[in-house]
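> The structure is given below, and queries will be raised subsequently.
The values are calculated or read from the model by the stated rules, or taken from the named source; none is laboratory data. Nothing here was measured: the structure is a model prediction, and the numbers come from that model. Quick reminder, even Gly has a Cβ in these numbers, built from the backbone with ideal geometry, and neighbours come from all protein chains shown. Protein only, heavy atoms only, side chains kept; ligands, DNA and RNA dropped before computing areas. Shrake-Rupley method; radii C 1.70, N 1.55, O 1.52, S 1.80 Å.
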Amino acid sequence: MRLCWNDSFGGPLRNMRIEDAKFVHDIGYRVAGINAGDTEATDADIEHARRIFEEVGLMPGPYGLGATAIRPDKAEQNVQKKKIANALKIAGKLGCTSLRYSVGSMHPKDIWMCHPDNVTQKALDELIESTRDLVPIAEDSNCMLCPETTQWTIVNSIERMKEFVDRLDSPYAKIIFDPVNHMTAQRVYDSGRYIKCAVAYLGDCIGVFHVKDVMVEDKQLVVHIDEAEMGTGLLDHEALLSVSTQLEPWKTFSLEHISKRNLIKKAYGHIQGVANRIGHTWTDPDCTRDNWERGKKR
């Protein structure tokens with residue numbers, strides 16, 4: 001997989017600055033996500049962003065969007081789906097490999113929050129049917145639909161991840177595997193085992209790895225698990241790196257939820273240190289999906 005910093009370049013594409021791209025490149029990243037959420041970008045805006053990436057020497061990774069394909073209110077659902085469709089087209093023109101968005105919740109106000117209906121088969125069925133008409137747009141745009149999941153969303157387990165992907169039945173409909181989002185008291189102290197079993201089960205259903213760290217808070221009676229600064233927590237990054245070789249090499253190993261500049265550099269240093277220790281080699285950043293399928297790059 002290609003090492004990627006996921007959380008870069010928020011806001012309208014027209015506001016992207018070359019100095020920000022240089023900062024990412026100078027740390028060592030050669031693939032960067034575009035976390036813009038921009039669904040109204042013009043061709044001129046897209047060309048502006050592409051030119052900055054090319055000048056600095058970055059390859060585009062995933063495109064980020066705060067939207068979902070399912071809402072309890074169907075009028076709102078149609079608005080959300082239109083945003084996803086527009087974002088897929090923009091991401092495709094940028095050369096992004098995937099679109100990151102929320103897999104969704106039946107909560108009336110929040111696309112990430114828990115709701116009793118989220119665990120039902122009915123909600124999963126409705127989500128899959130609502131996503132189905134976005135798949136041809138993803139295929140035409142050469143950009144994967146890759147929703148992010150948590151234990152609170154409608155897709156809340158590896159079994160539901162696999163069902164979601166299998167029923168959509170397209171190489172452009174996958175999921176993001178983020179092990180931190182699925183940590184439990186039973187998994188957190190042996191996260192490597194969970195990671196290895198999950199990747200073995202999901203295989204090619206995975207389009208992107210989201211990579212961060214996890215900690216257990218000192219609380220009694222109720223489990224409290226939260227994110228931690230990269231390299232200071234409990235997640236087995238060695239296991240995650242090792243199993244990443246089982247996926248197509250053009251996919252992204254995307255470090256996320258890192259906003260402070262000093263932490264972006266520290267995260268890179270940590271994950272590169274793990275890679276060096278186990279002799280892991282990243283895929284060439286120029287190994288796009290098209291290049292891989294044509295047999296040109298690894």
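> Residue check, Ala185 against (1) closer than 19 Å to Trp152 by Cα; (2) over 18 Å from the mean Cα position of the chain (by Cα); (3) open to solvent by less than 10 Å² (accessible area, probe 1.4 Å), all met but one. Which one?
Condition (3) is where Ala185 drops out.
> Among the residues of the range 30-60 satisfying the criterion of being among the hydrophobic types (A, V, I, L, M, F, W, C) and closer than 26 Å to Lys81 by Cβ, which is modelled with the lowest pLDDT?
Within the range 30-60, the first condition is being among the hydrophobic types (A, V, I, L, M, F, W, C), and the residues that meet it are 31-32, 34, 36, 41, 44, 46, 49, 52-53, 56, 58-59.
If we keep only those that are closer than 26 Å to Lys81 by Cβ as well, we get 34, 36, 41, 44, 46, 49.
Working: Ile34: 94, Ala36: 77, Ala41: 96, Ala44: 98, Ile46: 97, Ala49: 96.
Out of the qualifying residues, it is Ala36.
> For the range 118-130, which residues satisfy the criterion of being open to solvent by 10 Å² or more (accessible area, probe 1.4 Å) and without any contact (Cβ under 8 Å) to a residue 40 or more places away in the chain?
Result: Val119, Thr120, Gln121, Lys122, Asp125, Glu129.
> Please note which strands (runs of 3 or more DSSP E) are completely contained in the range 204-298 and include at least 1 residues that are more than 19 Å from the chain's Cα centre (by Cα). Before the answer, list the steps.
Details: elements: 206-211, 213-216, 225-228, 252-255.
Here the list reads 213-216, 225-228.
> Tell me the residue from Ala138, Ala173 that is modelled with pLDDT of 95 or more, under 15 Å from the mean Cα position of the chain (by Cα), open to solvent by less than 70 Å² (accessible area, probe 1.4 Å) and not aromatic (Phe, Trp, Tyr), please.
Among Ala138, Ala173, only Ala173 is modelled with pLDDT of 95 or more, under 15 Å from the mean Cα position of the chain (by Cα), open to solvent by less than 70 Å² (accessible area, probe 1.4 Å) and not aromatic (Phe, Trp, Tyr).
> Which condition breaks for Asp133 when tested against (1) surrounded by 15 or more Cβ atoms within 10 Å (Cβ to Cβ); (2) at pLDDT 95 or above?
In the conditions (1) surrounded by 15 or more Cβ atoms within 10 Å (Cβ to Cβ); (2) at pLDDT 95 or above, Asp133 misses (1) alone.
> Quick one: count up the residues across the range 1-20 that are within 22 Å of the chain's Cα centre (by Cα) and surrounded by fewer than 22 Cβ atoms within 10 Å (Cβ to Cβ). Even if it seems obvious, please write down each step before you answer.
Step one: filter the range 1-20 for residues within 22 Å of the chain's Cα centre (by Cα), giving 1-13, 16, 20.
Now restrict to residues that are surrounded by fewer than 22 Cβ atoms within 10 Å (Cβ to Cβ): 7, 10-12, 20.
Of the residues in the range 1-20, 5 are within 22 Å of the chain's Cα centre (by Cα) and surrounded by fewer than 22 Cβ atoms within 10 Å (Cβ to Cβ).
> Then there's this: Just the residues that are surrounded by fewer than 23 Cβ atoms within 10 Å (Cβ to Cβ) and under 14 Å from the mean Cα position of the chain (by Cα), please, taken from the range 68-101.
Result: no residue meets the conditions.
> I would also like to ask the following. For the condition closer than 20 Å to Asn6 by Cβ, of a type in the set (D, E, K, R) and free of Cβ contacts under 8 Å to residues at least 24 places away in the same chain, what is the one hit in Asp226, Asp236, Asp213? First the steps, then the outcome.
Working: Asp236 fails: free of Cβ contacts under 8 Å to residues at least 24 places away in the same chain; Asp213 fails: free of Cβ contacts under 8 Å to residues at least 24 places away in the same chain.
Just one listed residue meets the conditions, Asp226.
> Give me the residue from the range 21-52 that is in a helix (DSSP H, G or I) and in contact (Cβ under 8 Å) with a residue 40 or more places away in the chain and, out of that set, most open to solvent (accessible area, probe 1.4 Å). Spell out the reasoning first.
In the first step, residues of the range 21-52 are kept if they are in a helix (DSSP H, G or I); the result is 21-27, 43-52.
When the remaining residues are screened for being in contact (Cβ under 8 Å) with a residue 40 or more places away in the chain, the result is 23-24, 27, 43, 46, 49-50.
On the way: Phe23: 53, Val24: 1, Ile27: 25, Asp43: 102, Ile46: 9, Ala49: 1, Arg50: 80 Å².
Step by step, filter the range 21-52, then rank; the result is Asp43.
> Would you check which residues across the range 143-163 are open to solvent by less than 50 Å² (accessible area, probe 1.4 Å) and either closer than 25 Å to Cys96 by Cα or touching a strand residue (DSSP E or B) at 6+ places or on another chain (Cβ under 9 Å) (or both) and list them? Full working, then the answer.
First, pick out the residues of the range 143-163 that are open to solvent by less than 50 Å² (accessible area, probe 1.4 Å): 143-150, 153-158, 160-161.
Those that are open to solvent by less than 50 Å² (accessible area, probe 1.4 Å) and either closer than 25 Å to Cys96 by Cα or touching a strand residue (DSSP E or B) at 6+ places or on another chain (Cβ under 9 Å) (or both): Cys143, Met144, Leu145, Cys146, Pro147, Glu148, Thr149, Thr150, Thr153, Val155, Ile158, Met161.
> Right, next: Can you name every residue in the range 1-20 that is in contact (Cβ under 8 Å) with a residue 24 or more places away in the chain and of a type in the set (Asp, Glu)? Full working, then the answer.
So in the range 1-20, the residues in contact (Cβ under 8 Å) with a residue 24 or more places away in the chain come out as 1-14, 16-18.
The answer is Asp7, and nothing else.
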